[in-house]
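Have a look at the structure below, then the notes.
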Amino acid sequence: MNASLDPEKLDAALEGVHRAGMPGLFAEVIDGDQVWRGAAGVADTATGRPADAAMRHRVGSITKTFTAAAVLQQVDRGRIGLDTPVGQYLPGVLPGDRGAAVTVRMLLNHTSGLAEYLPRAYPSLKAFPALADTGPESLDDHRFTRFDPAELIGLGVTAPAVGAPGATPGLYSNTNYLLLGRLLERVTDTTAERYITREVIERAGLRHTELPTGPYMGEPHSRLYEAWFGMIDPPRDYSVFDMSWVGPAASLTSTVSDLNRFFGKLLAGEIVSRSSLAEMRRTVPVVSQEGRTIEYGLGLHPIETTGPDVFWGHGGTAWGAGALAGIRADGGRRMAVAVNLQRWNVLDASGRPRRHPIDDALAALHRLALYG
């Protein structure tokens with residue numbers, strides 16, 4: 001076994017996250033031809049059913065990398081121009097002069113200036129990210145709501161702009177990726193979900209990955225516990241939830257093995273061309289939903305830069321679910337981790353999340369998984 005892929009240390013790091021308060025988690029790390037998979041804790045707190053590394057999981061905004069890859073395929077085929085105004089493909093969708101000013105690239109790297117629609121779709125999150133003034137009530141109200149993507153896009157594009165088109169730092173916004181879904185539909189004559197399934201998921205040979213069309217996940221899967229910063233106590237299971245509220249921005253379900261396979265194929269140039277992959281790795285500063293400034297490319301960004309190597313990938317959350325996947329720039333090492341509790345931090349007097357032992361344990365696991 002490769003010395004940098006120590007199964008005992010990786011198992012111990014998983015257990016450390018579980019002991020810190022995570023109900024269950026699972027992961028896969030690949031280094032060359034060596035593969036480690038592990039799980040810790042439970043998939044169901046009521047029954048004690050154990051977590052397992054083969055489980056399907058909601059992976060949130062990792063979906064954006066899949067959607068971006070689908071758009072870049074159309075760039076490769078000459079049907080979409082990265083620096084072409086969105087209004088040329090979707091006339092009338094962006095109000096005022098923004099249709100001529102916002103380009104496809106700006107949607108992909110979150111520099112469009114378009115606002116996030118989420119607070120308007122979920123009224124109890126109206127002050128997001130002013131977390132102390134939010135509440136979880138809308139989550140239960142919308143478990144089975146089938147959202148119309150056109151209505152969600154309308155909420156985002158009619159909200160006050162958060163910046164000038166192309167200005168940096170950009171602001172991370174799911175509105176951008178719903179628009180990219182609409183763009184795919186326009187140029188491929190099929191739904192974004194069908195196109196991404198056929199040309200990205202199936203092309204990469206992912207057997208346990210899908211964009212669900214209803215509230216249910218494929219089996220086996222963990223229950224997904226949402227705490228909403230201590231406002232849901234005990235945390236509630238949201239594994240049954242209609243993901244039409246995020247669609248091609250964050251609805252994907254996958255496994256840690258499929259995620260590692262996908263990012264391996266992507267960086268090997270087997271999903272998009274090498275020139276498009278280079279565009280995906282051209283970054284600009286973007287303010288994340290947590291308020292941090294990160295370097296973001298086209299649906300892809302460096303997830304770790306403090307060690308000796310750069311790892312490209314994406315993270316994601318859904319109600320109760322979290323995931324992080326990354327691959328070293330040379331493709332030699334890959335990591336995917338999934339957890340079944342979200343927003344475990346309680347808020348301090350100023351409404352900011354307090355650091356929790358889970359944060360430190362998870363950071364230690366990520367670092368060990370990435371660098372050995």
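Remarks
- Computed [θ] at 222 nm, deg cm²/dmol, the chain (DSSP H ≥ 4; -39,500 (n - 2.57); rounded to nearest 500): -8500 deg cm²/dmol
- For Lys265, Lys64, the sequence from fewest to most other C-beta atoms within 10 Å is Lys265, Lys64.
- Note on Tyr371 and Gln289: with the Förster distance fixed at 22 Å, the Cβ-Cβ geometry gives a FRET efficiency of about 0.25.
- Normalised by the number of residues in the chain, the mean separation of alpha-carbon contacts (under 8 Å, six or more apart) gives a relative contact order of 25 percent.
- Arg77 paired with Ala46, simple spin-label distance in nm, labels 7 Å along Cα-to-beta-carbon: 4.5 nm
- At full extension, Glu219 and Ser273 could sit 16.1 nm farther apart than now, given 0.36 nm per residue minus the alpha carbon distance.
- Rg to Rh, two decimals, where the stretch 163-292 supplies the alpha carbon set and Rh follows Kirkwood: 0.99
- Distance (nanometres) between label positions extended 7 Å along Cα→Cβ at Gln88 and Ala159: 2.9 nm
- Debye intensity ratio I(q)/I(0), log10, the stretch 104-218, q values 0.10, 0.20 Å⁻¹ (C-alpha model): -0.38, -1.21
- Span-like helix ranges in the chain, DSSP H, alpha carbon extent 15 angstrom or more, Kyte mean at least -0.5: 63-76, 174-188, 256-267, 357-371
- Principal axes of the stretch 240-372: Cα extent on each, largest first, Å: 48, 38, 29
- Cα Rg, Dmax (largest Cα-Cα span) when computed across the chain, Å: 19.5, 60
- Relative to the Cα centre, the charge distribution of the stretch 36-164, modelled as +1 at Lys and Arg Cβ and -1 at Asp and Glu Cβ, gives a dipole magnitude of about 420 debye.
- Full extension of the chain segment joining Arg186 with Arg19 gains 55.3 nm, where the gain is 0.36 nm per residue of separation less the Cα-Cα distance.
- Share antiparallel - DSSP beta bridges, the chain, percent rounded to 5: 90 percent
Read-outs throughout are calculated quantities, based only on the coordinates presented, and are distinct from any laboratory measurement. The structure presented is a predicted model; accordingly, all values stated were derived computationally and were not measured. Glycine also receives a Cβ, built like all others from the backbone with ideal geometry; neighbour counts cover every protein chain displayed.
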